[in-house]
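Enquirer: Pasting a structure below so you can have a look.
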Amino acid sequence: MARISGHISQKCLQLSGMGSEIRRVFQEGLDAKIANPNLDLIDLSLGNPDLEPPAEIAKSIQDILNDSNKGWHRYMDNSGFAFVREFLSKELSKSECVNVLPQQVFMTVGAAGAIQIAMRVLLDAGSEVVIFKPFFSEYAPYTAQFDAKAVYVECDENYLPQLESFEKALTTKTKLVMVNSPNNPSGVVYSKETLESIAEILRRHRKKTGNIVHILSDEPYARLIFPSTIPVPSLLQLYDAVWMVRSHSKDLGLAGERIGYLVWNEFLNVPETLAACRNAARAMGFVNAPALMQRVLPLVYGIKVDISEYEKRVNLFCEILRLGGIECPKPGAGFFVFPKVPVRFKGDDKLFCSSLLKAGVLAVPGSGFGVPGSIRCSLTQNIQRVEDAAKRIVRLIRV
Ligand SMILES: Cc1ncc(COP(=O)(O)O)c(C=O)c1O
């Protein structure tokens, strides 16, 4: 039979061209390895957590599987198991210092699934979504999926949003603002003042135009904040129309197991919002979060991977680059660093990354995150490899 092609929809072709810089770089690394099998390449491209899940996870899974009660593996309420949502509502009420009812918690297929559900609930064709640079590159295809328009806002030299530009970017079509702190790619934790200013600008906009803009606070790195980072209040405390997204892809090293959740503020009509989320999950085909992983969560909630390991890597990497003359702001959380492109490369992030590839380091140009003056390095390699990568980068700019 003859091969069939040309069957991919226009929409799918449009989405596949968006936010693909990380995959492109990763593929470039694979191709370089094929061309030269002896190449010793340190891959800092993908944000794939390398620390194994804590031992308690495997133990909990075994205990759950040994439970002989029936019915645990069936379809369920799309929002998840009631006892898991109740557990999370109590924990979040304490940690976020707000009132969270179980009916405000919706279990999801990772943070990605939670973002998609919130967007499905909120966005119409033509709605505008404000995205602060630097941004998680998947926001572009997520937004385009709903025929909404991404409106990008520039950042300052500390990778925080330029607030004046933010205010000017708001229109009566603005429906959603994406806030991602701790941030991928920069690792920056937004300050309390920044979050308060974002909320204040949205309140001013509402007063002036009557338009209610929602905030989606995308927080998969929330539990990877370093102990030395100044604590910041939850956006749930600072603004009414807030949706908070969490997942355990990074803090429990469970990225492939796809477990996360969506929480909305009590000020959004709770039954109406819950019904809309149930329908969105159904229509998008996620239906419900994986049952086994939901049951694991209450058993391991207080546990996380050893963040001191990530912090050690970040400190060492930034210090070597700094001493080598490369500006490398120290992140407040996680395992991403976002050094600036050295002057020698005249701000050309792609040229810098292709020279790094030749020097044996795979990193992603910042233009993939809307900031071409920087590159993203994911420190998901052991500390010796991280040190080696930093030294290779410094050597490159010295020759
Ligand atoms: C900022 C941000 N949001 C969402 C996600 C998706 O996370 P998950 O794997 O939990 O779907 C990621 C993953 O890298 C991320 O960095």
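Enquirer: Determine which member of the set 202, 176 is more than 16 Å from the ligand (Cβ to nearest atom) and hydrophobic (A, V, I, L, M, F, W, C).
Expert: Details: 176 fails: more than 16 Å from the ligand (Cβ to nearest atom).
Residue meeting the stated conditions: 202.
Enquirer: Continuing with the same structure: Among 347, 366, which is among the small types (Gly, Ala, Ser) and over 21 Å from residue 138 (Cα atoms)?
Expert: Details: 366 fails: over 21 Å from residue 138 (Cα atoms).
The conditions single out 347.
Enquirer: Okay, next question. Could you grab me the full set of residues in segment 237-253 that are closer than 22 Å to residue 294 by Cβ and either of a type outside the set (D, E, K, R) or away from the ligand (no atom under 16 Å from the Cβ) (or both)?
Expert: 243, 244, 245, 247, 248, 249, 252, 253 - these are the residues of segment 237-253 that are closer than 22 Å to residue 294 by Cβ and either of a type outside the set (D, E, K, R) or away from the ligand (no atom under 16 Å from the Cβ) (or both).
Enquirer: Just give me the residues in segment 300-325 being assigned to a helix (DSSP H, G or I) and either free of Cβ contacts under 8 Å to residues at least 24 places away in the same chain or more than 14 Å from residue 378 (Cα to Cα) (or both), in sequence order. Steps first, answer last, please.
Expert: Here is the first cut: in segment 300-325, the ones assigned to a helix (DSSP H, G or I) are 300, 307-323.
Matches in segment 300-325: 300, 307, 308, 315, 318, 319, 320, 321, 322, 323.
Enquirer: Let me ask something else. Output the qualifying pairs, or none if there are none: Cβ atoms under 8 angstrom, residues six or more apart or on different chains, first residue in segment 187-209 and of a type in the set (Asp, Glu), second residue assigned to a helix (DSSP H, G or I).
Expert: Sorted first by the residue in segment 187-209, then by its partner, the pairs are 196/238.
Enquirer: Identify all residues within segment 155-168 that are surrounded by 15 or more Cβ atoms within 10 Å (Cβ to Cβ) and either touching a Ser or Thr at 6+ places or on another chain (Cβ under 6 Å) or at pLDDT below 95 (or both); write none if there are none.
Expert: If we filter segment 155-168 for residues that are surrounded by 15 or more Cβ atoms within 10 Å (Cβ to Cβ), which is where we start, we get 155, 159-163, 165-167.
Those that are surrounded by 15 or more Cβ atoms within 10 Å (Cβ to Cβ) and either touching a Ser or Thr at 6+ places or on another chain (Cβ under 6 Å) or at pLDDT below 95 (or both): 159, 160, 163.
Enquirer: Let me ask another. Where in segment 1-107 are there helices (runs of 4 or more DSSP H), lying fully within it, with 3 or more residues that are within 16 Å of the ligand (Cβ to nearest atom)? Break it down stepwise before answering.
Expert: Values: elements: 10-16, 21-35, 55-65, 82-95.
Output list reads 21-35.
Enquirer: How do the pairs read when you match residues in segment 150-178 that are within 20 Å of residue 18 (Cβ to Cβ) with residues anywhere that are assigned to a helix (DSSP H, G or I) and of a type outside the set (A, V, I, L, M), using Cβ under 6 Å and keeping only pairs 6 or more apart or on different chains?
Expert: Between residues of segment 150-178 that are within 20 Å of residue 18 (Cβ to Cβ) and residues that are assigned to a helix (DSSP H, G or I) and of a type outside the set (A, V, I, L, M), the close pairs are 150/143; 153/165; 153/166; 154/165; 178/139.
Enquirer: What is the one condition in (1) in contact (Cβ under 8 Å) with a residue 24 or more places away in the chain; (2) farther than 27 Å from residue 303 by Cβ that residue 279 does not satisfy?
Expert: Looking at each condition in turn, residue 279 falls short on (1).
Enquirer: Do we have residue 337 as surrounded by 21 or more Cβ atoms within 10 Å (Cβ to Cβ), at pLDDT 95 or above and touching a helix residue (DSSP H, G or I) at 6+ places or on another chain (Cβ under 9 Å) here? Show your work before the answer.
Expert: Numbers: surrounded by 21 or more Cβ atoms within 10 Å (Cβ to Cβ): yes; at pLDDT 95 or above: yes; touching a helix residue (DSSP H, G or I) at 6+ places or on another chain (Cβ under 9 Å): yes.
Answer is yes for this residue.
The values are calculated or read from the model by the stated rules, or taken from the named source; none is laboratory data. This structure is a prediction, so every number in the text was calculated from the model and none was measured. Don't worry about glycine lacking a Cβ; one is built from the backbone with ideal geometry, like all the others, and counts go over all protein chains shown.
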